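The values are calculated or read from the model by the stated rules, or taken from the named source; none is laboratory data. All values reported here derive from a predicted model rather than from experimental measurement. Note that each Cβ is placed from the backbone with ideal geometry, even for glycine, and that neighbours are counted across all protein chains shown.
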């Protein structure tokens, strides 16, 4: 892991950008800490620069609640090389949405499954590097989307003790098999009027999770209308399972 920049933010948070091989990422830590701090690993739909303001707000909230926070760029997003098959699937998705047509399972599979297969090992390698740094410790919480990536991480990564999953992205039907095997505590955040989300599929996915402790937070509004108080609810969820 190579740190490329460091700055101290106004609210006593240190933000460091890093690369792990060709994977760019950002780490937020308390400016002063006397003990190792649990980590929140944040997922997002790709484009670190485009998503920065929202990611930074989430990270600052996590640090204020007593955590470190980190995220990495998705494969094929930002400045990373594109994947022709995924780009073709993304174009087919846009065409279907613009035309008001149903999005086929084939398009969803071609768009999401390659990202899951490529991203999850990269996330695990990043956790390997982050947890070797002084001041950061497990257990780890996962927060965000793409929800299919969060599902697979929750299934295969034993260091993740709890996950706050953001519904709002298309989910391949094969991911339901993974969801049935997930047993860690879950909190699922759903925007009821999300224009780009299949609400019924999100509800079916929630029902499929094998966790005995799972909570659904459904709020009125579109994709970007998540109430601010959900940040506090997420911190309380992690407090119960990471501290």
Checklist entry - Tell me, which helices (runs of 4 or more DSSP H) wholly within segment 90-209 include 1 or more residues that are closer than 28 Å to residue 239 by Cα, touching a strand residue (DSSP E or B) at 6+ places or on another chain (Cβ under 9 Å) and modelled with pLDDT of 95 or more? => result 105-130, 147-156, 199-208
Checklist entry - Tally time: how many residues in segment 45-60 are surrounded by fewer than 19 Cβ atoms within 10 Å (Cβ to Cβ) and on the phi < 0 side of the Ramachandran plot? => result 8
Checklist entry - Taking segment 17-44 as the region of interest, how many residues are in a loop (DSSP other than H, G, I, E, B) and surrounded by fewer than 17 Cβ atoms within 10 Å (Cβ to Cβ)? => result 8
Checklist entry - If you scan segment 200-212, which residues turn out to be over 19 Å from the mean Cα position of the chain (by Cα) and surrounded by 13 or more Cβ atoms within 10 Å (Cβ to Cβ)? => result 204, 208, 210
Next on the checklist: On the basis of being surrounded by 14 or more Cβ atoms within 10 Å (Cβ to Cβ), farther than 23 Å from residue 115 by Cα and either without any contact (Cβ under 8 Å) to a residue 60 or more places away in the chain or in contact with a strand residue (DSSP E or B) (Cβ under 8 Å, 6 or more places away or on another chain) (or both), does residue 14 make the cut?
Outcome noted: yes
Checklist outcome for this item: Looking across segment 225-243 at residues that are outside any helix (DSSP H, G or I) and in contact (Cβ under 8 Å) with a residue 12 or more places away in the chain, the single one that is surrounded by the most Cβ atoms within 10 Å (Cβ to Cβ) is 226
